[in-house]
Amino acid sequence: MHRYFIIFAYDGTAYHGWQIQPNGNSVQAELQRALSLVLRGLRYIRDCDFCQEIVGAGRTDTGVHAREMVAHFDL
């Protein structure tokens with residue numbers, strides 16, 4: 001298993017913060033969904049969604065943007 005780090009930016013206007021929320025959009029959930037689609041397209045994952053959690057180096061609140069967010073996932 002390898003650990004991959006990603007650095008990205010986002011506009012948090014439409015999100016309820018970084019962390020997955022039971023009743024709202026989150027940046028973490030969207031990033032995990034998008035990564036799942038990419039990995040399935042590359043055939044790293046076949047029959048299930050990306051099952052690993054993407055771990056952020058910090059958190060943002062509702063409506064807050066990030067210029068340089070760091071996160072990692074294991075694959």
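Observations
- Relative contact order of the chain, pairs being alpha-carbon contacts under 8 Å that are 6 or more residues apart, as %: 48 percent
- Candidate values (i) 163; (ii) 74; (iii) 90, label of the one derived for volume of the Cα convex hull per residue in Å³: (iii)
Readers should treat all values here as calculations from the given coordinates under stated rules, not as data from a laboratory. Note that the structure is a prediction, hence the values are computed from the model and not measured.
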